[in-house]
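Beneath this line is the structure, given in structure tokens, with notes to follow.
Since every read-out is calculated from the coordinates, none of them should be taken as a lab result. Keep in mind the model is a prediction, meaning the values are calculated, not measured. So basically every Cβ, Gly included, is an ideal-geometry build from the backbone, and we count neighbours across all protein chains shown.
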Amino acid sequence: MSLYITSAVIIRNQTVRKNGSVAFQSSETNVHLFLRAIYDYLEVSYTRFHKMDALNKLGWAAAEFLLQEIESGFVDKESAGIVLANKSSSLDTDERFLESTKSVASPALFVYTLPNIVLGEICIRHGLKGENTFFVTPNFDITFMHDYTEQLFESEAVNACIIGWAEQYHEQYEAAFYLVQKSSMGLQEPFTIKALEKLYE
């Protein structure tokens, strides 16, 4: 089976790169202000964004750039999946929620005390209804993500899949999202470990 990376987005160091080129840059060093700057740049109206924690905003922003000008290329969103991973889970929000329990526990924070909520936010935004999984691993294991995604396609669990890394803890953040499809549209990069590593650099 031939699979292709049709879009790739890397967010780190106050910069968004799409398909190897800079798509957005900001002088904001604060993660919250940086993510708000991305939202303003995208010029979308999506009120749910303002309720999200930083990890969810990061994943939302990465998916937004990833699917720009290509979203209509999904064969069937009923079978479009998403597989992500990070190393800190939802620890940043967990800590803030724990701190809030010293006075009145914050329901707004509690909503985001599971890392897989970022999957839900992306699926709601883009109408994805296929397989979705969130792994917590010590680092971005590209080989594992590649092999797992291949299995999803081989078992016909998905016809398109967003895969990647969404890590945020305090002011440290990084996202690496790839759109994998059967059609050679968009970026047209063969879905290989080497290609994933090259785009992640």
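Look at (i) 27, 18, 16; (ii) 25, 20, 17; (iii) 34, 18, 15: the one that is semi-axes √(5λ) of the Cα gyration tensor in Å derived from this structure is (i). Along segment 186-201 the Karplus relation, 6.51 cos²θ - 1.76 cosθ + 1.60 evaluated at θ = phi - 60°, assigns HN-Hα couplings of x, 5, 6, 8, x, 7, 10, 4, 4, 5, 4, 5, 5, 6, 7, 4 Hz to successive residues, with x for each Gly and Pro. A simple charge model with +1 on the Cβ of Lys and Arg, -1 on the Cβ of Asp and Glu and nothing else charged puts the dipole of segment 4-200 at about 300 debye relative to its Cα centre.
Adding -39500 (n - 2.57) for every DSSP H run of four residues or longer, then dividing by how many residues the chain holds, sets the calculated 222 nm ellipticity at -10500 deg cm²/dmol. Quick check: Cα centre of segment 133-201 to Cα centre of segment 40-117, how many Å? Result: 17 Å between the Cα centres.
Loop-located GluC sites (Glu not before Pro) across segment 67-128 with a Cβ neighbour count of 12 or fewer within 10 Å are E69, with loop assigned by DSSP. Loop-located chymotrypsin sites (Phe, Trp or Tyr not before Pro) in segment 92-144 (DSSP state other than H, G, I, E, B) with a sparse environment of at most 12 neighbouring Cβ atoms within 10 Å are absent.
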